[in-house]
1. Considering only region 67-79, how many residues are part of a helix (DSSP H, G or I) and open to solvent by 90 Å² or more (accessible area, probe 1.4 Å)?
2. Does residue 82 meet the test of being assigned to a strand (DSSP E or B), open to solvent by 70 Å² or more (accessible area, probe 1.4 Å) and free of Cβ contacts under 8 Å to residues at least 60 places away in the same chain?
3. Check 50, 17 and return the single one that is surrounded by 14 or more Cβ atoms within 10 Å (Cβ to Cβ) and in a helix (DSSP H, G or I).
4. Can you tell which of 111, 94, 34, 55 is open to solvent by less than 80 Å² (accessible area, probe 1.4 Å) and in contact with a Phe, Trp or Tyr (Cβ under 6 Å, 6 or more places away or on another chain)?
5. For residue 126, work out the one condition from (1) within 27 Å of the chain's Cα centre (by Cα); (2) open to solvent by less than 70 Å² (accessible area, probe 1.4 Å); (3) within 30 Å of residue 21 (Cβ to Cβ) it doesn't fulfil.
6. Please state which of the following conditions residue 43 fails to meet, knowing it meets all the rest: (1) exposed (fewer than 12 other Cβ atoms within 10 Å of the Cβ); (2) in contact with a strand residue (DSSP E or B) (Cβ under 9 Å, 6 or more places away or on another chain); (3) modelled with pLDDT of 95 or more.
7. Could you list, ordered by first residue, the pairs with Cβ atoms under 9 Å in which the first is in region 45-74 and farther than 18 Å from residue 87 by Cβ and the second is open to solvent by 60 Å² or more (accessible area, probe 1.4 Å) and assigned to a helix (DSSP H, G or I), at least 6 apart or interchain?
8. Taking residue 31, is it in contact (Cβ under 8 Å) with a residue 12 or more places away in the chain, assigned to a helix (DSSP H, G or I) and not basic (Lys, Arg)?
Amino acid sequence: MFSKGPGGSETEVTWEDQQNINKFGRLNNRFHELEDEIKVAKEAIDNLEDASNELILTDEEVVRFQIGEVFAHVPKEEVETRIEEMKEVSSKNLEKLEEEKESLVAQMAELKKVLYGKFKDSINLEED
């Protein structure tokens, strides 16, 4: 397979080049999935923070706490503890997602260097 470059010159697309192009595509797809997952994780942390702040304002000793599909009456201190634990887990999850995203960006940059080095303007790896 050949790719026409600027000025009509042809560059051969080797099996290895095709593998790099495919890998870039997979990484790019995962990158977009991660962006969505990071957004959801940040929203979850914000919601937990809001719940924690609301809990501080309440005078109730027993509050309603959602467990799955139902609300249970739970002592305020236990709910505070649970929310803090949930925030910790969510923060660690967000950290992992952001680390994976950084890794993907680095891998994609490396592949861009290789592919643009060979194909110049005859390949477009940008999202515009």
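The values are calculated or read from the model by the stated rules, or taken from the named source; none is laboratory data. Everything numeric in this text was worked out from a predicted model, so none of it was measured. Every residue, glycine as well, gets a Cβ built from its backbone with ideal geometry; the counts of neighbours run over all protein chains shown. Just so you know, the surface numbers come from the protein's heavy atoms only, side chains and all, with ligands and any DNA or RNA stripped out. Shrake-Rupley method; radii C 1.70, N 1.55, O 1.52, S 1.80 Å.
1. 1
2. In short, no.
3. 17
4. 111
5. Condition (2) is where residue 126 drops out.
6. Status for residue 43: all satisfied but (2).
7. 61/77
8. Against the criterion (in contact (Cβ under 8 Å) with a residue 12 or more places away in the chain, assigned to a helix (DSSP H, G or I) and not basic (Lys, Arg)), residue 31 qualifies.
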